[in-house]
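The values are calculated or read from the model by the stated rules, or taken from the named source; none is laboratory data. Since the structure is predicted, the reported quantities are computational estimates derived from the model, not experimental observations. Neighbour counts run over all protein chains shown; Cβ positions are idealised from the backbone, glycine included. Just the protein is used for accessible areas: all its heavy atoms, side chains included, with ligands, DNA and RNA removed. Shrake-Rupley method; radii C 1.70, N 1.55, O 1.52, S 1.80 Å.
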Amino acid sequence: MKLMHSIKLTVFSYEHENSDEILEAFLKFFPFSLEENKIKPVKRNATGFGDSRIEIFEVILTKTSLANEFLDFILAKLDDVQKGTVINQAESRLDENLDFFIRFDKDSWVKNEKLELTDSGKCFHLKMSVAAFPSRRDAALKIIKEIFSK
C-alpha cells in the first residue's frame, strides 16, 4: 500500500565534522542496498557562516516498496514514547503540501545508531510526502497516526 509519494532524508556535514563518518551513518538509515536499487546519494557543497564548508547528503525514495521498507526500519528504531510524541505533534509536523517532517539527533545516530527525536538543527532531516487520498489534511493526519501507532 502506498503511504508516501516520496521520502527524502538529508544531513549536513559541517567543516569541523568527519564527513566520511557522517556519510557512513547516513547510509545506515537504509535497510536495503541503494546501489542495487539504482539510487545514488546526492552530495552537494554549500558555504555556511564565515565561509565554512558544508557537505549536504541527500537520498530521495519514490518507489513504494522501498519507502515502506524504510518506514518499517524507522518505526522499529523508535520506542513507543517517541511514536506517541510524533502522533501528538502530527499537526505541527505536517505542512500545507501534506509533507511531514521529523528530525533525528545526529550525534545519537552517528555514535550509537539510536534514533532520538530532536528540534535542533544538528540532525538528520526526514521529509515524507504523504500519499493521502483525497489529498486533504485530515486524510494525511489519519495516515500518519496509523503509521506511528504500529
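The table that follows gives values for the structure above.
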item: Correct option for log10 I(q)/I(0) by the Debye sum over Cα atoms at q = 0.15, 0.16, 0.20, 0.21 Å⁻¹ [calculated from the coordinates] among [x] -0.79, -0.90, -1.33, -1.43; [y] -0.72, -0.83, -1.32, -1.45; [z] -0.94, -1.02, -1.28, -1.33; result: [x]
item: Relative contact order of the chain, pairs being alpha-carbon contacts under 8 Å that are 6 or more residues apart, as %; result: 31 percent
item: Degrees separating the helix 137-148 axis from the principal Cα axis of the chain, which is the longest one; result: 70 degrees
item: Filter on LYS38/LYS63; LYS77/LYS127; LYS8/LYS38; LYS2/LYS106 - keep pairs with C-alpha separation over 19 Å; result: LYS2/LYS106
item: Charge tally in the Cβ shell below 14 Å around PHE148, where Lys, Arg are +1 and Asp, Glu are -1, PHE148 excluded; result: +1
item: Accessible surface of region 1-64, 1.4 Å probe, proportion on carbon and sulfur as whole %; result: 51 percent
item: Value of [θ]222 nm, deg cm²/dmol, for the chain, DSSP H segments ≥ 4, -39500 (n - 2.57) each, nearest 500; result: -10500 deg cm²/dmol
item: Percent carbon-and-sulfur accessible area, region 85-150, ignoring ligands, DNA and RNA, probe 1.4 Å; result: 47 percent
item: Rounded Å value of the spacing that divides the Cα centres of region 1-20 and region 79-114; result: 13 Å
item: 1.4 Å probe accessible area per residue over region 4-150, in Å²; result: 55 Å²
